[in-house]
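As structure tokens, the structure follows; a few thoughts come after it.
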Amino acid sequence: HKHSKDSKHGGHAKKRGSPKKHSKGMGDMKRVDLKHLIPMLGDIYEKKLEKDTSELSGKKSSIEERETKPLASFLMTYMVDHYGVKNIAKARLRQFIGSVMHWAESSRRVRNFAKLCGVWPGREHDYVRDLGDIFLHSLLHIIPKGAIKGVGEILKSHPDGELKCSCRQAVHALVGMAKSCNLKQPRTYDCPLLASWLTPQQLLELVNNLLALTEDKACDCGAHLGFVSDPVDLDLFHEVVIDTLMDAVSQQETMLARTFTKFEGLDDDEGLAFDEYEAILNWAVPAAYTLEERQKQFKALLRSAGDEDNDGDIDNAGDFAIAVMRTTKNPLVHP
């Protein structure tokens, strides 16, 4: 489903959103070593959760339902808050992303972060902001009493493979905390964002796969959770969740590319014009949108996907699919 700019329907799409390996202004800035990078990830998660929950004050009660900045976009905010000067923050962000990409192969926690931000080499395309939102929503409910201030310290003091919690608690944090949530019955789950990507059967399969990660021996998970009888490696737990969602994103991108190919020829011209985008909406999305809303959606996709021949059409099926995933609130993003 990924295409080259030299072929309308073959090859690979142009990569978008992934950082360059060598950026001007990087200079000889050293890579962040792993022992400093891990605590930094915890601090980023903590600051992101603090910002998100503060924006919830007096608004919707669910972290899944409100509008916040995507985790990947929050990184620049974090760097500016940390370093003050914007140019320094940009340089530090490049250093940070380069370090994440370097250590992702050897550290599961770093690898998870890379996937959440769309910089995991080879799967940069299989990114959508929902990944970060679902992960943070889960993490918030795993930490006792939603103690956001403790997230950074907990992750810092428990390196890869040593961060444990109750497996059933982690699963409930993902699919529903209410007593009415029966893990054997997906219809009782309360996870609207996760359920927008997975069918009930896929949700049940995910839950069963996660429960299968339970370790045999009970253990002390530390001051944050205490003694549990069903421990699970939380980094491994989240990797299974993230990979499952990335596979769902990839499948949706494939479907979007096929849809592009199906509708682009309605006017006998190559590329997807606005009226053809309207036809896709009418076919795929039951909700009604005003002309102004449809035009705004199409313009956003055109900016993201590119219009190399300047004819006002989206040129490439693969780039169209990626643009849908990365454009805010496009109605075609979910299966």
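The values are calculated or read from the model by the stated rules, or taken from the named source; none is laboratory data. In this text the structure is predicted, and so the values were computed from the model without any measurement. Note: ideal-geometry Cβ built from the backbone for every residue, glycine included; neighbour counts use all protein chains shown. When the accessible area is computed, the model is the full protein with side chains, heavy atoms only, and any ligands, DNA or RNA have been set aside. Shrake-Rupley method; radii C 1.70, N 1.55, O 1.52, S 1.80 Å.
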query: Per 20 Å bin, what percent of the C-alpha pairs of the chain does each bin hold, from zero upward?
result: 28, 56, 15, 0
task: Give a residue-ordered list of calculated ³J(HN,Hα) values for the range 181-194 (Karplus: 6.51 cos²θ - 1.76 cosθ + 1.60, θ = phi - 60°; whole Hz; x for Gly, Pro).
output: 7, 9, 4, 8, 10, x, 5, 8, 5, 10, 8, x, 6, 4
statement: Expected vector for the range 247-255, Karplus 3J(HN,Hα) from phi with 6.51, -1.76, 1.60 and θ = phi - 60°, integer Hz, x for Gly and Pro, equals 5, 5, 5, 4, 5, 5, 5, 4, 5
- request: May I ask you to order 94-100, 32-38 by the average number of other C-beta atoms within 10 Å around their residues, highest value first?
  value: 94-100, 32-38
query: aspartates and glutamates near Lys179 by alpha-carbon distance under 20 Å, same-chain residues fewer than 8 away left out - which ones?
result: Glu64, Asp190, Asp230
- prompt: To the nearest 10 square angstrom, how much accessible area does Glu162 have with a 1.4 angstrom probe?
  reply: 110 Å²
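Indicate the gyration tensor shape class of the range 124-181 (rounded, prolate or oblate), computed on the Cα atoms with a ≥ b ≥ c the square roots of the eigenvalues: a/c under 1.5 is rounded; otherwise a/b larger than b/c is prolate and the rest oblate.
On the way: a/c = 1.66, a/b = 1.03, b/c = 1.62.
Cα axes put the range 124-181 in the oblate bin.
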message: From the phi angles alone, apply the Karplus equation (6.51, -1.76, 1.60; θ = phi - 60°) to the range 34-40 and give each ³J(HN,Hα) in whole Hz, x where the residue is Gly or Pro.
response: 5, 5, 9, 5, 4, x, 5
task: At 1.4 Å probe size, with every protein chain present, just tell me what the per residue accessible area of the chain comes to in Å².
output: 50 Å²
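Please tell me which of these pairs span more than 27 angstrom C-alpha to C-alpha: Lys149/Lys184; Lys69/Lys262; Lys48/Lys164; Lys164/Lys329; Lys35/Lys164; Lys69/Lys90?
On the way: Lys149/Lys184 33 Å; Lys69/Lys262 33 Å; Lys48/Lys164 22 Å; Lys164/Lys329 35 Å; Lys35/Lys164 19 Å; Lys69/Lys90 18 Å.
Result: Lys149/Lys184; Lys69/Lys262; Lys164/Lys329 exceed 27 Å.
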- request: Once you have a ≥ b ≥ c as the square roots of the Cα gyration tensor eigenvalues for the range 110-208, tell me rounded if a/c is under 1.5, and otherwise prolate or oblate according to whether a/b is larger than b/c.
  value: oblate
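With a cut-off of at most 16 other beta carbons within 10 Å, and DSSP calling the residue loop, which chymotrypsin sites (Phe, Trp or Tyr not before Pro) in the range 288-327 qualify? Please list them.
Working: sites: Tyr289, Phe298, Phe320; in loops: Tyr289.
Those that pass, being in a loop and sparsely packed, are Tyr289.
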- prompt: On full extension of the chain, what length is gained from Asp33 through Leu291, given 0.36 nm per residue of separation minus the C-alpha to C-alpha distance?
  reply: 87.8 nm
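Rounded if a/c is under 1.5, else prolate if a/b beats b/c, else oblate: with a ≥ b ≥ c from the C-alpha gyration tensor eigenvalues square-rooted, which is the range 83-154?
Values: a/c = 1.84, a/b = 1.26, b/c = 1.46.
Oblate, since a/c reaches 1.5 and b/c is not below a/b.
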field: Separation of the Glu153 and Ala178 label points, Cα + 7 Å toward Cβ, nm
entry: 3.4 nm
Pair Thr77, Lys90: separation of 7 Å Cα→Cβ label points (nm): 2.0 nm
- prompt: Taking H as built 1.01 Å from N, whose amide H comes closer than 5 Å to the amide H of Cys165, not counting residues under 5 places away?
  reply: Val232, Leu234
